[in-house]
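The values are calculated or read from the model by the stated rules, or taken from the named source; none is laboratory data. None of these values were measured; they are calculated from a predicted model. Cβ: placed from backbone, ideal geometry, glycine included. Neighbour counts: every protein chain shown.
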Amino acid sequence: MPRGRVPLLPSVKQPRITLLLIRDQSHLAQLDPELLQTYFDLTPAEARIAAAIASGQTITQAATSLRLTRGTVRWYVKQLMAKTGTSTQAQMVRLLLSGLASCRVPPA
């Protein structure tokens with residue numbers, strides 16, 4: 001502990017907490033790669049990968065579903081982050097989803 005700092009409750013042991021999140025991905029919206037391509041000026045390959053990642057797929061899942069290697073998908077994700085001006089995958093997904101939300105057409 002840094003010098004001069006006093007623990008708040010030195011004699012009380014803090015319980016360990018475990019959180020398990022289970023998510024049903026069957027209800028997640030599938031993003032349209034063509035819309036991503038147009039809205040964010042992406043190549044077709046970048047748009048397919050962006051749609052997969054923004055829809056909740058991991059790098060490995062996207063690679064499997066798109067029949068690419070993990071390394072190729074990781075390279076494309078880095079390109080996507082550079083194009084979108086984001087520094088993390090989470091920021092990129094948030095930008096992709098919020099950008100598309102602003103151009104949604106209301107149901108008839």
Tell me, please, whether a residue that is touching a helix residue (DSSP H, G or I) at 6+ places or on another chain (Cβ under 9 Å), at pLDDT 95 or above and part of a helix (DSSP H, G or I) can be found in the range 32-42. no
Failed condition for residue 99, given (1) loosely packed, with under 10 Cβ neighbours inside 10 Å; (2) at pLDDT below 90: (1)
Filter result for residue 80 (surrounded by 15 or more Cβ atoms within 10 Å (Cβ to Cβ), on the phi < 0 side of the Ramachandran plot, modelled with pLDDT under 95 and assigned to a helix (DSSP H, G or I)): no
